[in-house]
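Below you'll find the structure, written out as structure tokens, and then a few comments.
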Amino acid sequence: MSRGDLPLPVAWPAGLPQGFAPALIAWQRREGRHGLPWQGTRDPYRVWLSEIMLQQTQVSTVLSYYPRFLARFPDVASLAAAPVDDVMALWSGLGYYSRARNLHRCAQAVVNDWGGAFPQRSADLATLPGIGASTAAAIASFCFGERVSILDGNVRRVLTRLLAFDADLAQAGPQRQLWDLAQALVQPDADAQDMAAYTQGLMDLGATVCTRTRPSCALCPVQDRCEGRRHGDPTRFPVRTRRLVRRFEAWWLLLIERPTADGSTELWLQKRPERGIWAGLFCPPVFDNRDALVEAVPPALADHLNEGDAVAHALTHRELRLHPVAVHWPADAGVPCGDDAGRWVRRDQLATVGLPAPVRPWLEA
Ligand code: SF4
């Protein structure tokens, strides 16, 4: 039988799988992940921070950033009081920088609007900057035992397979329907410990068993209840018709360097606009093409540009081709690019500045 011939239900199955939540909770306690640094706490600040970092970022990467961030900002008050540039600098390399800006805004909202303590209900948490419905549910269930389901990308995959949910998740209606089903699967009498194990179990199942291309159904604690498996091809779920279209762009970056009086060097960096790619980070001047870059340097330097190898950098909706061009800037050549919006940053101070991840190696080299 081909994928298209599978006898799938038009809507979702009439009955929810019996015993899903208890089976998942028991499995999480037995075989789930337990040793991650953000587990075993009910401190909403720590849970929130880990949830935001884990959006779009691998656990292995977050493992190095999370303790560093906590060491610098041990609580919501210290984060709220910090300059946003310090937050961006610590976030540098994690990508999706709107998360860092929202993190800072959220900390300030908690301090200014909620007396320094995170609200306990998911509905209130979801009103804070950068906290979506699933993150709000994760904080509320982990920290306050609220009986509410998460529904991030991994959990959408698990539940659409479990239920053989074949409606198109590119549409708002099916998205709402799946939320309702996720909520209906929560055990109505779960206590706080159960809810923490349930939420973690959903995350663990999606991350380690019900993976995107090759789910390990034979190891799955809910395999007997899974409609997608019963139909023979669980990887056809979730169904989403809208395809991501990436636009290609070339960016030319002028790496301007000059010596300092004490024998070090410094680099000219501009703060990116508050919206768009690398928003709020510091970056060498960017040009649309090589000609525009050459026009921006004094004629005497045009023959002394040092072009490096271009690298590809994929973003959610864009594919960038980054062309680095280095130039040594004479002390008497004035402000680069006729631009007073930038600043000189000493090379040995680069670690304290928020830089786009693909650019940092060029500047630190
Ligand atoms: Fe996913 Fe397979 Fe488990 Fe179904 S049985 S939830 S498809 S791992």
Problem - Gaussian network model of the chain, Cα within-10 Å springs - most flexible of Ala310, Ala351, Ala172 - result: Ala172
Exercise for the section: Quote the relative contact order of the chain in percent (integer), defining contacts as alpha-carbon pairs under 8 Å separated by 6+ residues. Expected result: 19
Practice task
Counting other beta carbons within 10 Å of each Cβ, put Ser60, Ser149 in order, fewest first.
Solution key: Ser60, Ser149
Handout entry: Karplus-derived HN-Hα couplings along region 30-35 (A = 6.51, B = -1.76, C = 1.60, θ = phi - 60°), whole Hz, x at Gly and Pro
Key = 7, 10, x, 7, 10, x
Practice task
Mind putting a number on the dipole of the chain about its Cα centre? Charges go on the C-beta only, +1 for Lys and Arg and -1 for Asp and Glu, and I need it in Debye to the nearest 20.
Solution key: 1160
Completion exercise
Taking 0.36 nm per residue of separation between Ala170 and Ala261 and subtracting their Cα-Cα distance, the length gained on full extension comes to 27.0 nm
Fill in the blank from the handout: The size of the Cβ-based charge dipole (Lys, Arg +1; Asp, Glu -1) of region 163-236 about the Cα centre, to the nearest 20 debye, is 360
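Assuming 0.36 nm per residue, please report the length gained on full extension of the stretch Asp224 to Leu36 beyond their Cα-Cα distance.
64.8 nm
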Problem - DSSP-defined beta bridges in region 247-364 - what % are antiparallel, rounded to 5 - result: 60
Handout entry: Computed helical MRE - 222 nm, the chain, DSSP H runs ≥ 4 contributing -39500 (n - 2.57), nearest 500
Key = -11000 deg cm²/dmol
Exercise for the section: Using +1 at the Cβ of each Lys and Arg and -1 at the Cβ of each Asp and Glu in region 208-365, identify which of Pro358, Ser264, Val327 lies farthest towards the dipole's positive end. Expected result: Pro358
Fill in the blank from the handout: Taking Cα pairs closer than 8 Å and at least 6 residues apart, the relative contact order of region 247-364 in percent is 37
Handout entry: Long-range amide H partners of Arg318 with built H, under 5 Å
Key = Arg247
Handout entry: Shape of region 235-359, Cα gyration tensor, a/c cut at 1.5
Key = prolate
Problem - Those residues of region 224-252 whose amide nitrogen sits under 11 Å from the label point placed on Asp309, 7 Å along Cα→Cβ - result: none
Fill in the blank from the handout: Amide H contacts under 5 Å for Trp329, restricted to residues at least 5 apart in sequence or on another chain and with H modeled in the peptide plane, are Glu257, Arg258
Problem - Most mobile listed residue (Asp194, Asp332, Asp124) in the chain, GNM with C-alpha springs under 10 Å - result: Asp332
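No value in this document is a laboratory result; all are computed from the given coordinates. The structure presented is a predicted model; accordingly, all values stated were derived computationally and were not measured. Please note: Cβ atoms are built from the backbone with ideal geometry, for glycine as well, and neighbour counts cover all protein chains shown.
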